[in-house]
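Q: Before we start, here is the structure in question, set down as structure tokens.
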Amino acid sequence: MNYTAAIETALTRLHEEGRYRTFIDVERKCGAFPRATWCHPDGSAREITVWCGNDYLGMGQHPAVLAAMQDALAATGAGSGGTRNISGTTIHHKRLEAELADLHGKEAALLFTSAYIANDATLSTLPRLFDGLIIYSDELNHASMIEGIRRNGGRKRVFRHNDVAHLRELLEADDPAAPKLIAFESIYSMDGDFGPIAEICDLAAEFGALTYMDEVHAVGMYGPRGAGLAERDGLMGRVDIINGTLAKAYGVMGGYIAAGAKLCDAIRSYAPGFIFTTSLPPAMAAGAAASVRHLKTDQALRDRHQEQARVLKMRLKGLGLPIIDHGSHIVPVHVGDPVHCKAISDMLLEDFGIYVQPINYPTVPRGTERLRFTPSPVHDGPMIDTLVSAMDTLWSHCALNRAEMSA
């Protein structure tokens, strides 16, 4: 086996398909976000505006978050020193879990190093707790959910995206006595559409199933206290397990589940992804707790976020661009070709100082490649003006080039 040749073939294939991914070296500027410095390959440094970050509310630079992290760092040092079971549980971890349980109105919460690990570890462990468990999974669930379900060794059923009629068919076809769990998301991040939470909860009640909902693109941003869509819609009590992240709206790092105390205890006791992982640094936990606590009361920031998303969508629609608009804060512009998607992204960065990463396969299906904009409360009017003007110029340019290529 020529291992080097095999690796080169795999990489060449990505280049030929136009979906080879490159890192953009970005230095965020605290107090100036979404402004950042781009370390250009030629060695120069250029100021850019980040339009594709997941720090949705700019909480990564909020004074309350920074102060909490600085105080914890000074008091405890850098790392946690171990797993949660072996010296890695501090008062900061416990305080954060208490904040999260309170946020979601659950008995308990369990902290992980990321929401990916929280999904993977929990969904792969549940069949060990419920013998014969069948998991019903939305076909567009996040890769972390798919991986956890795939690895669990149990039975699974995949229902068409947001299709509750198909979900019903699958539930009806299985043994009524078998334990069941429905896994879905509240907001699907690539299209920005909402999951049918109430309808899924109704089916779960009818068929005796548990519900597992990923709220990573909703926590902090929806609901009176930022607990997500389930809170906004008055459905938190009907969702058994909620997965959330601390790395998006809360601006720090980490993931969690919130659920009943016994279920969290069982996951804590059985999930290898929790047991054998060094815990988050105490400073991270302290900063995340401060962010969660602050956003429980800052409705003005959430309102500003939604307003900026509405304005950007309206402006881009005014140009006739193919916006995917399901009413959430996520603003995808459909391109449909990986090469053109990457070309527009590159020109936005090089010519206009606008950074938006192309979203290509396998993150989205082939033929649905897109630019995914994530406006925040700190993207001001002039930044939106610059982006809209740049998209107007480049969209026309790329449309002309496509026409010439097909002629």
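The values are calculated or read from the model by the stated rules, or taken from the named source; none is laboratory data. As the structure is a prediction and not an experimental result, all values here were calculated from the model. Note that each Cβ is placed from the backbone with ideal geometry, even for glycine, and that neighbours are counted across all protein chains shown. Side chains included, ligands, DNA and RNA excluded: accessible areas come from the protein's heavy atoms. Shrake-Rupley method; radii C 1.70, N 1.55, O 1.52, S 1.80 Å.
Q: State the number of residues belonging to segment 128-153 that are β-branched (Val, Ile, Thr) and in contact with a Phe, Trp or Tyr (Cβ under 6 Å, 6 or more places away or on another chain). Before the answer, list the steps.
A: First, pick out the residues of segment 128-153 that are β-branched (Val, Ile, Thr): 134-135, 146, 149.
Checking the rest, the ones that are also in contact with a Phe, Trp or Tyr (Cβ under 6 Å, 6 or more places away or on another chain) come to none.
Qualifying residue count for the region: 0.
Q: Are there any pairs with C-beta distances below 6 angstrom linking a residue in segment 307-319 that is farther than 17 Å from Tyr222 by Cβ and open to solvent by 70 Å² or more (accessible area, probe 1.4 Å) to a residue that is hydrophobic (A, V, I, L, M, F, W, C) and assigned to a helix (DSSP H, G or I), with the two at least 6 apart or on different chains, and if so which?
A: Arg315/Val388
Q: With Ala101, Ala115, Ala36, Ala109 as the choices, which residue is small (Gly, Ala, Ser) and farther than 25 Å from Tyr212 by Cα?
A: Values: Ala101 fails: farther than 25 Å from Tyr212 by Cα; Ala115 fails: farther than 25 Å from Tyr212 by Cα; Ala109 fails: farther than 25 Å from Tyr212 by Cα.
From the options Ala101, Ala115, Ala36, Ala109, the qualifying one is Ala36.
Q: May I ask you to list the residues in segment 125-172 that are in a helix (DSSP H, G or I), open to solvent by 30 Å² or more (accessible area, probe 1.4 Å) and small (Gly, Ala, Ser)?
A: Hits for segment 125-172 are Ala143, Ala165.
Q: Can you find a residue in segment 194-203 that is over 25 Å from Ala227 (Cβ atoms), crowded, with 16+ Cβ neighbours inside 10 Å and in contact (Cβ under 8 Å) with a residue 12 or more places away in the chain? Before the answer, list the steps.
A: From segment 194-203, those over 25 Å from Ala227 (Cβ atoms) are none; that's our starting set.
The answer is no; no qualifying residue exists.
Q: Going through segment 66-88 one residue at a time, which ones are surrounded by 18 or more Cβ atoms within 10 Å (Cβ to Cβ) and either small (Gly, Ala, Ser) or out of contact with any Ser or Thr (no Cβ under 6 Å at 6 or more places or on another chain) (or both)? I'd like the intermediate steps shown before the answer.
A: Taking segment 66-88 as the starting set, the residues that turn out to be surrounded by 18 or more Cβ atoms within 10 Å (Cβ to Cβ) are 68-69, 72, 76, 80, 84, 88.
Ala68, Met69, Ala72, Thr76, Ser80, Gly88 - these are the residues of segment 66-88 that are surrounded by 18 or more Cβ atoms within 10 Å (Cβ to Cβ) and either small (Gly, Ala, Ser) or out of contact with any Ser or Thr (no Cβ under 6 Å at 6 or more places or on another chain) (or both).
Q: Open to solvent by 10 Å² or more (accessible area, probe 1.4 Å) and over 16 Å from the mean Cα position of the chain (by Cα) - does that describe any residue in segment 239-255?
A: Yes, that holds for at least one residue.
Q: Within segment 141-193, which residues are farther than 25 Å from Glu231 by Cα and among the polar types (S, T, N, Q)?
A: Scanning segment 141-193 gives a single hit, Asn152.
Q: Mind listing whichever residues of segment 113-135 are closer than 27 Å to Arg225 by Cβ and not small (Gly, Ala, Ser)?
A: We begin by selecting, within segment 113-135, every residue closer than 27 Å to Arg225 by Cβ; these are 113-119, 121-123.
Passing the criteria: Thr113, Tyr116, Ile117, Asn119, Thr122, Leu123.
Q: Would you please name the residue that is modelled with the highest pLDDT, looking only at residues in segment 44-65 that are open to solvent by 50 Å² or more (accessible area, probe 1.4 Å) and farther than 25 Å from Ile359 by Cβ? Show your work before the answer.
A: Of all residues in segment 44-65, those open to solvent by 50 Å² or more (accessible area, probe 1.4 Å) come to 45-47, 54, 63.
From the residues that got through so far, the ones that are farther than 25 Å from Ile359 by Cβ too are 45, 63.
Details: Ala45: 92, Pro63: 97.
Looking at the filtered set, the residue picked out is Pro63.
Q: Now a separate question. Being over 19 Å from the mean Cα position of the chain (by Cα), aromatic (Phe, Trp, Tyr) and open to solvent by less than 10 Å² (accessible area, probe 1.4 Å): is that true of Phe184 here?
A: On the way: over 19 Å from the mean Cα position of the chain (by Cα): no; aromatic (Phe, Trp, Tyr): yes; open to solvent by less than 10 Å² (accessible area, probe 1.4 Å): yes.
Criteria not met by Phe184.
Q: On the given criteria, is Asp303 in a helix (DSSP H, G or I) and either more than 18 Å from the chain's Cα centre (by Cα) or surrounded by 14 or more Cβ atoms within 10 Å (Cβ to Cβ) (or both)?
A: yes
Q: Exactly one condition in (1) free of Cβ contacts under 8 Å to residues at least 60 places away in the same chain; (2) in contact with a Phe, Trp or Tyr (Cβ under 6 Å, 6 or more places away or on another chain) is not met by Thr125; state its number.
A: So the condition that Thr125 fails would be (1).
Q: To continue, here is another question. For segment 342-390, what are the residues that are in contact with a Lys or Arg (Cβ under 6 Å, 6 or more places away or on another chain) and either closer than 17 Å to Ile24 by Cβ or hydrophobic (A, V, I, L, M, F, W, C) (or both)?
A: Residues satisfying the conditions are Pro358, Ile359, Asn360, Val388.
Here's the yes/no breakdown for (1) within 21 Å of the chain's Cα centre (by Cα); (2) surrounded by 14 or more Cβ atoms within 10 Å (Cβ to Cβ); (3) touching a residue at least 24 places away in the same chain (Cβ under 8 Å); (4) not in a strand (DSSP E or B):
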position	(1), (2), (3), (4)
Tyr361	yes, yes, yes, yes
Thr368	yes, yes, yes, yes
Arg372	yes, yes, yes, no
Pro375	yes, yes, yes, yes
Met383	no, yes, yes, yes
Met391	no, yes, yes, yes
Trp395	no, yes, yes, yes
